[in-house]
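The structure appears right after this line, and notes come after that.
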Amino acid sequence: MQTPRNQKILLLALETGFAFKVNSALLSTINKELLMKIKSYPKLILSIILIEIIGSLGAIATTPAIPGWYASLIKPFFTPPSWVFGPVWTSLFFLMGFALYLVWQEGLEKRPVRLAVYTFSIQMILNVLWSFLFFGMQNPLFGLIEIIILWFVIIITIFKFFKVSRPAAYMMIPYICWVTIATALNLAVWLLN
């Protein structure tokens, strides 16, 4: 029989193992050839840290709403466990930061690069804004409208990245998949509540 303490230890082990597996899988997708193309490791690190910080701003609105408002909502059967969100978003922001760097290193003086970075910036703003609409304002309808716009801007970003760096575009695919799931969750929460 599992005691609450043992359940917490097991959950922590599962979370840590999941995060390790996700990050190991991400690192294995970044092949040696791609690493050889990196022109500036400080800029790569800056890009990743910047996106991790910007992405984490959504937690300002999300974290306080989880135990009360969000916990009280009727959620669909396909809602992932709460512990999944942290490792997934951290991994996605890592990939997004790496992708941004791959585009940025091609030179901001080039128009396709500037357009790709501009579109990426818009989707990052929308990404953070969603947390404030859905969790902060506790408004699934506003969140749904906004996440649909975000989804389309991510698609545009992927196409813009593809014109500059195919690996950068490919690194955005897990993100659009996760936002697709988040859109379905948002819709379901709106319909069920």
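The values are calculated or read from the model by the stated rules, or taken from the named source; none is laboratory data. Remember, predicted model here, so these are calculated numbers, not experimental data. All Cβ positions, glycine included, derive from the backbone under ideal geometry; neighbour counts span all protein chains shown.
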Subject >> the range 100-122 - residue that is within 12 Å of Ile156 (Cβ to Cβ) and of a type outside the set (Ser, Thr, Tyr) and, of those, nearest to the chain's Cα centre (by Cα) >> reply: Phe120
Original post:
Between a first residue in the range 71-84 that is over 18 Å from Trp178 (Cβ atoms) and in contact (Cβ under 8 Å) with a residue 60 or more places away in the chain and a second residue that is surrounded by 10 or more Cβ atoms within 10 Å (Cβ to Cβ) and of a type outside the set (Asp, Glu), which pairs have beta carbons less than 7 Å apart while being 6 or more apart in sequence or on different chains?
Top reply: Leu73/Val189; Leu73/Asn193; Ile74/Leu192; Ile74/Asn193
Original post:
Given the structure, is Glu33 modelled with pLDDT of 55 or more, over 19 Å from the mean Cα position of the chain (by Cα), surrounded by fewer than 11 Cβ atoms within 10 Å (Cβ to Cβ) and in a loop (DSSP other than H, G, I, E, B)?
Top reply: no
Subject >> Tally, over the range 162-186, of residues that are over 20 Å from Trp89 (Cα atoms), in a helix (DSSP H, G or I) and in contact (Cβ under 8 Å) with a residue 40 or more places away in the chain >> reply: 2
Original post:
If you scan the range 138-161, which residues turn out to be among the hydrophobic types (A, V, I, L, M, F, W, C) and either in contact (Cβ under 8 Å) with a residue 60 or more places away in the chain or farther than 24 Å from Gly68 by Cβ (or both)?
Top reply: Ile148, Ile149, Leu150, Trp151, Phe152, Val153, Ile154, Ile155, Ile156, Ile158, Phe159, Phe161
